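Step one of this worksheet: look at the structure below.
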Amino acid sequence: MPAAVESGDMEQAEQHYVETASDPDMHSVVVEIGNVENANREVLKHVNKNWTEVSEESGVKTTAYVADGLSRLAISQNNEAKSVTTKGFEDFDDALEWAQEQQQKFMD
């Protein structure tokens with residue numbers, strides 16, 4: 001089952017992500033990001049560096065990012081973990097449905 005992580009404090013959310021998504025049975029996660037309607041260069045640089053590392057460390061295979069506006073696309077595209085498929089969504093329920101579909105593919 002995918003984990004839903006709401007981020008307020010980036011460092012705390014990243015730690016929660018690693019702890020939750022490192023479960024060997026977890027292949028898909030949903031990350032809901034608030035207050036980044038217009039992801040600036042600093043946010044995207046952080047995502048590129050830290051979230052790429054966090055994704056690789058966790059072993060997760062798919063990540064759905066939920067954010068407002070174009071931020072969802074910018075954030076999902078800045079995670080460069082080679083073993084992770086990312087996709088951006090504006091709606092949490094759509095993201096969760098996609099993550100569950102991806103998780104099921106790994107379970108079959």
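The values are calculated or read from the model by the stated rules, or taken from the named source; none is laboratory data. This is a predicted model, so every value here is computed, not measured. Heads up, the Cβs are rebuilt from the backbone with ideal geometry, glycines too, and the neighbour counts pull from every protein chain shown. Ligands, DNA and RNA are stripped out before the accessible areas are found, and what is left, the full protein with its side chains, is counted by its heavy atoms. Shrake-Rupley method; radii C 1.70, N 1.55, O 1.52, S 1.80 Å.
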Gain in span if fully extended, Asp108 to Ser83, counting 0.36 nm per residue against the direct Cα distance = 7.1 nm
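With all protein chains present and a 1.4 Å probe, how do Asp108, Asp25, Asp91 order by accessible area, largest first?
Numbers: Asp108 140, Asp25 105, Asp91 65 Å².
Listed by decreasing accessible area, they come as Asp108, Asp25, Asp91.
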Where labels lie 7 Å past Cα in the beta-carbon direction, separation of Glu101 and Thr52 in nm | 2.8 nm
Around Lys61: net Lys/Arg minus Asp/Glu count, Cβ-Cβ under 14 Å = -3
